[in-house]
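Notes follow once the structure below has been shown.
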Amino acid sequence: MSVKVRFAPSPTGRLHVGNVRTALVNWLFAKGQGGQFVLRIDDTDLARSTPEFERGIEDDLTWLGLVWDERHNQSKRFDRYADAAERLKAAGRLYPCYETAEELDRRRKVQLSRGLPPIYDRAALKLTDAERARLEAEGRRPHWRFKLEGKRVAWEDLSRGHAEVDTASMSDPVLIREDGLYLYTLPSVVDDIDMGITHVIRGEDHVTNTGAQIEIFEALGGPVPGFAHMPLLVGADGEALSKRLGSLSIAEMRDQGYEPIAIVSHLGRIGTSDPLEVAASIQALGDSFAFDKMGRSPARYDVADLDRLNAQALHAMSYEAAQPRLRAMDCDLGRDFWDAVRPNLQKFADVADLARIVRGPITPVVEDQGFLDRAAELLPSDMDAGAWGAWTSAVKDVTGAKGKALFMPLRLALTGQAHGPDMAMLVPLIGRERIARRLKGETA
Ligand code: GLU
């Protein structure tokens, strides 16, 4: 069986690390076994969905490398949902209800005060034709509920193992609102059947939905797909991330200079038994993905881990991969420059400051001009690969300085900073003339 999964975001906001993790795990699961990934825009709520958010979702997924094989809009499939609704009505599984939100609320309170579970009492099922006609004549429009069988619905969850939901403890879910809007529950099942979805992978907040949806799959005669419900993300403090997700949008992370491979390596591996290291590619991440590596406990999202993976991705980046970006920043100073600076990068944009060390101008930090004058006299005529070693040992012999006392004044004078890339790699790039000027304390 070839695997086919879907990611079904609502275009009512930008993607954040929570929903991107769902998209990613779907993608990794499918692409790790040569399957297909469907992007299904859940835009049945026409009032809240916007084309801008839809484009934002596509841009974010594309930037992360989550390419899709098929793409659909639920707003173009209303006839399919209407057809399914008719079939459910004919089978007696979808019934009209006329209660207002206030009436339902009042009933729930009464149930709770009597110690009963606040589930819908199915009063609408008992309405006679005449009562319904009277309600409609009053101007009431029905909403439609799916009649649950009220049984133990069980499935083997790829992530949680054996799972069960007792649909007798649930209210019959509303599938169609009084204004005709299809809530996500029915379209999702209709599409999963029509599109041949083999696995539904989503957060564990959907477990209860799955109980009702499996009954809908069965009622529509479709094959029931496999399910995986992932543990949710928590922050470094162990608190649920859900309320903070808005500030963790992919668009913002992109602006902050995070690399896509760092983001996907992080989100694809937190909460699994794999080491938290950057992957060679998103496909490699897919090849090593397996649900049985995923634990039952929440996945801890710590930005310090992401920062570490981001640096790791840059340290491993080839000159060929970096060059177009270096050029776009007007910082392409050649392969030797890239090899000298990449171990020092946290974010790619850091190269701009490092390029300035090489081509100037920087202002030297001078603590002892006499020391620098003596070093200048010993400067080799040719600043080649071995120049730094030869020069510093000559300075050491003449001045008696060693260790930090030898290297730090030279680093401060030549780069203006106390920390930075390997000096032996930098000095040939800075060049003799600029080094001589900096040793005099000149901005160069
Ligand atoms: N649009 C739904 C959501 O984002 C899709 C859930 C699902 O994957 O079935 O919650």
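The values are calculated or read from the model by the stated rules, or taken from the named source; none is laboratory data. Source: prediction; values computed, not measured. No Cβ is skipped: glycine too gets one built from the backbone with ideal geometry, and neighbour counts run over all protein chains shown.
Brief remarks follow.
- Among the candidates GLN369, GLN417, the residue that is modelled with pLDDT of 95 or more, closer than 30 Å to ALA304 by Cα and not aromatic (Phe, Trp, Tyr) is uniquely GLN417.
- Comparison of ALA375, ALA340 shows that the only residue that is more than 39 Å from the chain's Cα centre (by Cα), small (Gly, Ala, Ser) and buried (at least 19 other Cβ atoms within 10 Å of the Cβ) is ALA375.
- A residue that is without any contact (Cβ under 8 Å) to a residue 60 or more places away in the chain and farther than 30 Å from THR185 by Cα cannot be found anywhere in the range 220-231.
- Test: residue in the range 218-227 that is buried (at least 18 other Cβ atoms within 10 Å of the Cβ), more than 12 Å from the ligand (Cβ to nearest atom) and under 14 Å from the mean Cα position of the chain (by Cα): no
- Residue in the range 57-77 that is out of contact with any helix residue (DSSP H, G or I) (no Cβ under 7 Å at 6 or more places or on another chain), modelled with pLDDT of 95 or more and within 12 Å of the ligand (Cβ to nearest atom) present: yes
- One residue from VAL200, VAL207, VAL189 being touching a helix residue (DSSP H, G or I) at 6+ places or on another chain (Cβ under 6 Å) and buried (at least 16 other Cβ atoms within 10 Å of the Cβ): VAL189
- Flag if ARG177 is charged (D, E, K, R), over 32 Å from the mean Cα position of the chain (by Cα) and modelled with pLDDT of 95 or more: no
- Residues of the range 397-430 that turn out to be surrounded by 15 or more Cβ atoms within 10 Å (Cβ to Cβ) and more than 15 Å from ASP368 (Cβ to Cβ), as a count: 12
- Counting only residues that are over 21 Å from LEU232 (Cα atoms), in contact (Cβ under 8 Å) with a residue 12 or more places away in the chain and among the basic types (Lys, Arg), the range 20-70 holds 3 of them.
- Of all residues making up the range 361-372, the number that are farther than 12 Å from LYS440 by Cα and buried (at least 17 other Cβ atoms within 10 Å of the Cβ): 1
- Candidate set: the range 188-212, residues that are in a loop (DSSP other than H, G, I, E, B) and of a type in the set (Val, Ile, Thr); chosen: the one nearest to the ligand (Cβ to nearest atom): ILE197
- Some residue of the range 17-37 being under 30 Å from PRO142 (Cβ atoms), touching a strand residue (DSSP E or B) at 6+ places or on another chain (Cβ under 9 Å) and of a type outside the set (A, V, I, L, M): no
- For the range 267-282, the count of residues that are of a type in the set (D, E, K, R) and either closer than 23 Å to GLU149 by Cβ or not in a loop (DSSP other than H, G, I, E, B) (or both) is nonzero.
- Considering (1) under 18 Å from the mean Cα position of the chain (by Cα); (2) free of Cβ contacts under 8 Å to residues at least 60 places away in the same chain; (3) part of a loop (DSSP other than H, G, I, E, B), the lone condition that LEU306 does not fulfil carries the number (3).
- Just so you know, in the range 16-36 the residues that are within 13 Å of the ligand (Cβ to nearest atom) and at pLDDT 95 or above include one that is surrounded by the fewest Cβ atoms within 10 Å (Cβ to Cβ), and it is THR22.
- Among the candidates LEU379, LEU406, LEU410, residue that is of a type in the set (A, V, I, L, M, F, W, C) and either free of Cβ contacts under 8 Å to residues at least 24 places away in the same chain or closer than 16 Å to ALA355 by Cα (or both): LEU406
- Taking the range 240-266 as the range and being outside any helix (DSSP H, G or I) and over 10 Å from the mean Cα position of the chain (by Cα) as the test, the residues that pass are ALA240, LEU241, GLN256, GLY257, TYR258, GLU259.
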